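Below: one structure, written as structure tokens.
The values are calculated or read from the model by the stated rules, or taken from the named source; none is laboratory data. This is a predicted model, so every value here is computed, not measured. Cβ atoms come from the backbone with ideal geometry, glycine included; neighbour counts cover every protein chain shown. Heads up: the accessible areas ignore ligands, DNA and RNA and are worked out on the full protein's heavy atoms, side chains in. Shrake-Rupley method; radii C 1.70, N 1.55, O 1.52, S 1.80 Å.
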Amino acid sequence: MGNKELTKTEKKYSKKEIFTLKSVFDDADVDQSGEIDVAELRKALNKSNLGSAADDMFRAIDKDGSKKIGFDEYLKVRGRARTRELERGGANV
């Protein structure tokens, strides 16, 4: 995925939101590869008792089939969730 698309996605967020989301992403990226694999996602989701849903969630997020989730894929998925929250009247990052 090219930088232009990532930049377009990033423009949907404030600098503060990007910083917060990048921090969450980096916490899940245990091996610091810049991408999250299914094991890292499962570990992150276990903190919120969603670990059993990791495989299904991973397949939904990993749009390019690389078996890794890049920050750009994470932002896109998070953006869709954010849009749904805003439509319901919430404002969670």
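The table below gives the values:
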read-out: Every residue from the range 41-63 that is in contact with a Gly (Cβ under 8 Å, 6 or more places away or on another chain) and of a type outside the set (Lys, Arg); value: 45
read-out: Counted residues, the range 49-59 - those being modelled with pLDDT under 85 and either within 25 Å of residue 10 (Cβ to Cβ) or touching a strand residue (DSSP E or B) at 6+ places or on another chain (Cβ under 9 Å) (or both); value: 1
read-out: Residues of the range 9-25 classified as among the charged types (D, E, K, R), closer than 13 Å to residue 75 by Cβ and free of Cβ contacts under 8 Å to residues at least 60 places away in the same chain, total; value: 2
read-out: Single residue of the range 60-79 satisfying the filter (among the hydrophobic types (A, V, I, L, M, F, W, C) and assigned to a helix (DSSP H, G or I)) that is farthest from residue 8 (Cα to Cα); value: 60
read-out: Hits in the range 23-40 - residues which are in contact with an Asp or Glu (Cβ under 9 Å, 6 or more places away or on another chain), of a type in the set (A, V, I, L, M, F, W, C) and either open to solvent by 20 Å² or more (accessible area, probe 1.4 Å) or not in a helix (DSSP H, G or I) (or both); value: 30, 36, 38
read-out: Subset of the range 41-54 that is surrounded by 12 or more Cβ atoms within 10 Å (Cβ to Cβ) and of a type in the set (Gly, Ala, Ser) - its residue that is nearest to residue 68 (Cα to Cα); value: 54
read-out: Residues of the range 66-93 satisfying the condition of being open to solvent by 50 Å² or more (accessible area, probe 1.4 Å) and at pLDDT 85 or above; value: 66, 67, 68
read-out: Residue within the range 3-22 that is of a type outside the set (Phe, Trp, Tyr), modelled with pLDDT of 85 or more, surrounded by 12 or more Cβ atoms within 10 Å (Cβ to Cβ) and assigned to a loop (DSSP other than H, G, I, E, B) present; value: no
